[in-house]
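The block underneath contains the structure these notes are about, expressed in structure tokens.
The values are calculated or read from the model by the stated rules, or taken from the named source; none is laboratory data. Because the structure is predicted, anything quoted here is derived from the model rather than measured. Quick reminder, even Gly has a Cβ in these numbers, built from the backbone with ideal geometry, and neighbours come from all protein chains shown. Calculation scope for accessible area: heavy atoms of the full protein, side chains included, ligands and nucleic acids excluded. Shrake-Rupley method; radii C 1.70, N 1.55, O 1.52, S 1.80 Å.
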Amino acid sequence: MNYKNKIIRFTSNRVWRTYTGGKILDQLEQKADPQDSHFPEDWIGSTTQAVNSGREEVVEGISHAIVGEENVRFDELLALDPSYFLGEQHTKAFDVNPMLLVKFLDSSVRLHFQAHPTAEFAREHLNSNHGKAEGYYILDVRDGTEPYVYVGFQHPPSRDAFKEMIETQNISAMEECFEKVAVKPGDCLFIPGGSPHAIGEGILMVEIMEPSDWAVRFEFTKAGYTMPEEARFMKRDLEFCMDVFDFTQLSVEEAIDKFYQKPKVERHYSESSFQESLIDGKVTDKFRVKKSTITGSVDKSEDDFYIGIVVSGECQLKIGDEVTHLKKLDRFFCPAGVEVVNITAESTVEILECYPPQV
């Protein structure tokens, strides 16, 4: 297979979830009758298998890559030449694990109340090297929607009261622990492990996270589907999971200050083109997120691989003689072994770039 000096594209990779959405993703795939369903996510550049109780026989979540005219499982592609695709330093540290998972998430309902373990909790109690810290980049909102997230407790319950809310599924009492935190397209948030949260309805976002599917879902029923017990508490019990939650009280203003990420210009490609850092090593050591805004033509070189998503505009990527045209919401993988990519945009293009942890 000739894979050197090529941008890697991906086929659609829809994954079943317990909540509903995905109509916008259907439209993106040009389906004849776009609908919200239990396939509200598209996993991008994923080597992570989804964990869905009752669907253990279904292999879902692992991406398929397009290399020239060939279609290959993404994990199998990386294994062909890990140092080229992921970088020599990365493979020395992490072998063939890209160390991040990127998704499109398109919600038609508010997602379940949930929290994810930290990496430290996962190592100590789950025999796993990964928790599930998450980054959000808000792409768009549905018409008629006032977009929001619940994140952190504005009115924290006691541990015993919260456990009782979960046991009795007192959703209104759970909601009273939170206040809505408004979001808008272009916002970027970082949600560390332990933070109780829920994404509001009608939001299309890019979600960047550690490569795991660990979740403590303390709301069991959504969109007519009730999760089996083994899907609620990471195949443990509620008492075990109570130690996952961070009960720190955060006002809305404190939540915005803690979770929202202010972009910082990191470098200029030219007078009109630049790269911003959204989530960097000061925020987390689990992954990095940047955004390039490009007008005209620039040559872009990186030391690391990254997963790129066009969030506005369109452009052409050129490596050697190969030219790839990209439009809004197209996604790609740029291997670490690619020395330089020429990016040309007649007007302005914005590309969200998801990077692994810095070695």
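What the table shows:
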| item | result |
| --- | --- |
| Pairwise FRET efficiency - Thr226 versus Ser347, Cβ, R0 = 45 Å, nearest 0.05 | 0.40 |
| J(HN,Hα) series, region 5-16, from Karplus relation 6.51 cos²θ - 1.76 cosθ + 1.60, nearest Hz, glycine and proline x | 6, 10, 6, 9, 9, 10, 7, 4, 9, 6, 10, 5 |
| Gain in span if fully extended, Glu314 to Gln249, counting 0.36 nm per residue against the direct Cα distance | 19.1 nm |
| Accessible surface of Lys327 - all protein chains present, 1.4 Å probe, nearest 10 Å² | 110 Å² |
| Nonlocal amide H pairs with Ser128, under 5 Å, H built at 1.01 Å | Arg123 |
| Rounded if a/c under 1.5, otherwise prolate or oblate - region 98-200, Cα gyration tensor axes | oblate |
| Selected from Val183, Val96, Val58 as most flexible by GNM, with the chain as the system and alpha-carbon contacts under 10 Å | Val58 |
| Cα gyration tensor, region 1-135 - rounded (a/c under 1.5), prolate or oblate | oblate |
| Structure-based [θ]222 nm, the chain - -39500 (n - 2.57) summed over DSSP H runs of at least 4, per residue, nearest 500 | -4000 deg cm²/dmol |
| Charge dipole of region 317-359 about the Cα centre (unit charges at C-beta), most positive-ward option of Cys354, Gly320, Val338 | Cys354 |
| Modelled FRET efficiency - R0 35 Å, Glu164 with Glu60, Cβ distances, 0.05 increments | 0.50 |
| Hull shadow area, averaged, the chain [alpha-carbon convex hull, nm²] | 18.0 nm² |
| Amide H partners (placed H, <5 Å) of Arg73, local residues excluded | Ala65 |
| For the chain, built as a Gaussian network whose Cα springs stay under 10 Å, the top-fluctuating residue of Gly87, Gly144, Gly337 | Gly144 |
| Charge dipole magnitude, Cβ of K and R +1, D and E -1 - region 166-319, Cα centre, debye nearest 20 | 540 debye |
| Arg142-Lys264 FRET efficiency (beta carbon distance; Förster radius 35 Å; 0.05 resolution) | 0.70 |
| Top of Ile171, Ile66, Ile208 by mean-square fluctuation, Gaussian network on the chain, Cα under 10 Å | Ile171 |
| Solvent accessible area, Å² - Phe233, 1.4 Å probe, full protein context | 20 Å² |
| Gap separating the Cα centres of region 1-69 and region 305-359, nearest whole Å | 19 Å |
| Sulfur and carbon atoms: percent of accessible area, region 249-359 [1.4 Å] | 45 percent |
| Between helix 159-168 and the chain: long-axis angle, C-alpha atoms, 0 to 90°, nearest 10 | 90 degrees |
| Solvent exposure of the chain as accessible area per residue, Å², 1.4 Å probe | 43 Å² |
| Charge dipole (debye, nearest 20) of the chain; +1 at Cβ of Lys and Arg, -1 at Cβ of Asp and Glu | 200 debye |
| Asp140 long-range amide H proximity, modeled H, under 5 Å | Leu204 |
